[in-house]
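A.B. asks: Quick one: the structure is below, questions incoming.
The values are calculated or read from the model by the stated rules, or taken from the named source; none is laboratory data. Small disclaimer: the values here were computed from a predicted structure and weren't measured. Quick reminder, even Gly has a Cβ in these numbers, built from the backbone with ideal geometry, and neighbours come from all protein chains shown. Calculation scope for accessible area: heavy atoms of the full protein, side chains included, ligands and nucleic acids excluded. Shrake-Rupley method; radii C 1.70, N 1.55, O 1.52, S 1.80 Å.
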Amino acid sequence: KGEISNFEYLMHLNTIAGRTYNDLMQYPVFPWVLADYQSETLNLSNPATFRDLSKPMGAQTEKRRQMFLQRYEDVVDDEEEGDMSARCHYCTHYSSAIIVASFLVRMEPFSHTFQTLQVRPFARERGCMEDGTTLGDVELPPWAKGDTQEFIRVHREKGRQNAKDPIVKSTVLGYVSNFGQVPKQLFTKPHPPRSGSKKEGSSPPHPTPFFFKLDKLKSSAQPFRELPRGPVGQILCLEKEVMVLERNRLLLSPLLGCYFSWGFPDNSCAFGNIATEKTFAACESLCDWGETLCAACPNPTTIVTAGTSSVVCVWDVAVSKDKVTHMKLRQVHSMIVSGSRDLTCILWDMEELSYITQLTGHTTSISALAINELTGEIASCAGPRLYLWTMKGQLLTCTDTSCGPRPDVLCVSFTQRHEWDAKNVIVTGCADGIIRIWKTEYTRTQLPGPPEEPVSPGQDRTERDVSNSCQVKGWERHLVLCQELNRSQTVSQRRYKNNPAITALALSRSHATLLAGDAWGRVFTWTCE
């Protein structure tokens, strides 16, 4: 019905088939769908870009087809008369422990697993192919721009044993590890086609995301919501309503309608009812950890706080009917990133409560952070600069300082409509009251010559670019400012000389509306005309 992506659907099929990341012999599998690994850009509207899904991998080319047919005939010729049980086109399954370990051998724990499954000693030096070619890093096709994340993004855009004899059991397990095991069959008849797909030219099923038409964005003339006091601290787009909280407050539970607040003179914290605006509980649990400067509530039972003590605290909280049962330090899951005034930015494993890595290179205090829940990418802001990192802490790119002085960034957010969508952007709210929208582009690094025009992910290039590919040495990813949203330029009443700073950002669930809160407690919306 088109309600989920192909990736999600295939993951469901893997799960139903009993495949899991915890079993290398039944590791999740995906069909090999692409055939074009030479073009500068990938044209997903060209049928030649894809492999022929009506044929198995062994018959994608005539040469491969003949090879497997010959293998079948050779096995038949070698067998005794009447015994045809060993005849096959493929000697192994498409997935097994050794195949998975070989494919992922460059990282642990697969390096160790590969070594364990090998009979011969495992040499960690780089080896050579039969033709003498030295094996190095994985070679990406030209359309991946030298970026593993772009390679993945483009792809997204699209029996039990009963052996009692230990020797027999060991032999069987050895065969399974190296040759694979027969997977569970899910379909006994042809897979049904998609249903409910709309024809071209019909109205879209969802509102147009605001970042699809940045030049058509208009702000609401009047505030969407206005707080009686203080700057906007948090905007939440829930299923049936939009909630706005002032600075130093976070929504803890939408169901119970309660909030968590901090920033009191005695360094305590409090819990209150959103509807009545009344505090129903005060806790001194935070007092021993100095002044709290920031907090996050990943779920109704978890609060993460940090402040002048330089310690990130994870609290287990139980709240029911305007009553706090307990608030104590605990272990949780997932990861969190913390930024400090001393320029340090640290990525933490919240399952082990341990340090993962430090995001280094910031030149001033960290002012805003965000994690893309779909891709794992991390955005950090230090003063006017925006940095983009992988979930492993590798710097992807950062904004250029050659454009002159810019105001500090106070909040940042990712659009997350689809992780593979090349139109996704990063939104920053700045101290000058302007919302700046950024996108990533790739430029080719080449020998001295005229500069190349930037290319957005997924954007077509001309044949001229291909002819100049001999000069290419690689690709670089850049953050490019694509739009500035300033209410003083869109609203006729110019009552204020200075714009209040943008202190909070949020996206509607459909991504059709961008919501921005400012230092005067107002929330305005931006939508396409």
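A.B. asks: Of Glu284, Glu373, which has the most accessible area and how do the rest follow, probe 1.4 Å?
C.D. replies: Values: Glu284 140, Glu373 160 Å².
Heavy-atom accessible area, descending, gives Glu373, Glu284.
A.B. asks: Give me a comma-separated list of calculated 3J(HN,Hα) values for the range 382-397, in order, Karplus coefficients 6.51, -1.76, 1.60 applied at θ = phi - 60°, integers in Hz, x for any Gly or Pro.
C.D. replies: Here the 3J(HN,Hα) series is 10, x, x, 8, 10, 10, 10, 10, 7, 5, 9, x, 8, 6, 8, 5 Hz.
A.B. asks: Taking square-rooted eigenvalues a ≥ b ≥ c of the alpha carbon gyration tensor, is the range 355-395 rounded, prolate or oblate, where a/c under 1.5 means rounded and, failing that, a/b exceeding b/c means prolate?
C.D. replies: Details: a/c = 2.14, a/b = 1.40, b/c = 1.53.
Oblate is the answer for the range 355-395, as a/c is 1.5 or above yet b/c matches or exceeds a/b.
A.B. asks: While we're here: Is there a quick way to get the dipole size of the range 189-316? I mean about its Cα centre, with the Cβ of Lys and Arg at +1 and of Asp and Glu at -1; what is the value in debye to the nearest 20?
C.D. replies: Numbers: 13 positive and 12 negative charges, 223 e Å.
My answer is approximately 1060 debye.
A.B. asks: Taking the Cα centre of each part, how many Å lie between the range 18-39 and the range 372-444?
C.D. replies: Result: 31 Å between the Cα centres.
A.B. asks: Calculate the dipole size of the range 298-385 relative to its Cα centre from +1 charges on Lys and Arg beta carbons and -1 charges on Asp and Glu beta carbons; express the result in debye to the nearest 20. Please list the in-between numbers first.
C.D. replies: Values: 6 positive and 8 negative charges, 67 e Å.
Rounded to the nearest 20 debye, it is 320 debye.
A.B. asks: Mind ordering 421-434, 143-156 by average Cβ neighbours within 10 Å, highest first? Working shown, then result.
C.D. replies: Working: 421-434: 21.1, 143-156: 18.1.
So the peptides 421-434, 143-156, ranked by packing, come out 421-434, 143-156.
A.B. asks: Here is a follow-up. Taking H as built 1.01 Å from N, whose amide H comes closer than 5 Å to the amide H of Ile434, not counting residues under 5 places away?
C.D. replies: Amide H neighbours of Ile434, under 5 Å, 5+ apart: Ile502.
A.B. asks: Given points 7 Å out from each Cα along the Cα-Cβ axis, report the Ser510 to Glu108 separation in nanometres with one decimal.
C.D. replies: Here the answer is 4.9 nm between the modelled labels.
A.B. asks: Using protein chains only and a probe of 1.4 angstrom, how many square angstrom of Cys297 are accessible, to the nearest 10?
C.D. replies: Probe radius 1.4 Å; accessible area of Cys297 about 40 Å².
A.B. asks: What nm value, rounded to one decimal, do you get for the distance between Met129 and Thr116 when each label is placed 7 Å out toward the C-beta?
C.D. replies: 3.1
A.B. asks: Going by amide H atoms built from the backbone, whose H comes under 5 Å of the H on Leu252, apart from near neighbours?
C.D. replies: Answer set, sorted by chain and number: Cys258, Tyr259, Phe260.
A.B. asks: Any idea of Tyr27's accessible area? Nearest 10 Å², probe 1.4 Å.
C.D. replies: 40
A.B. asks: Around Phe7, with a cut-off of 13 angstrom between Cβ atoms, what is the net charge of the other residues, counting Lys and Arg +1 and Asp and Glu -1? Can you show the working numbers first?
C.D. replies: Numbers: positive: Arg153, Arg156, Lys158; negative: Glu8, Glu157, Glu419, Asp421.
Neighbour charge sum, excluding Phe7 itself: -1.
A.B. asks: Among Phe211, Leu256, Ala221, whose Cα lies farthest out toward the positive end of the dipole of the range 182-293, if unit charges sit on the beta carbon of Lys, Arg (+1) and Asp, Glu (-1)?
C.D. replies: Farthest towards the positive end: Phe211.
A.B. asks: Need one value: the accessible area of Phe414 in square angstrom, 1.4 angstrom probe, rounded to the nearest 10.
C.D. replies: 10
A.B. asks: Quick query: amide H of Thr397 versus all other amide H atoms, modeled in the peptide plane; which residues come in under 5 Å with a sequence gap of 5 or more or a different chain?
C.D. replies: Close amide H contacts, sequence-distant or interchain: Leu388.
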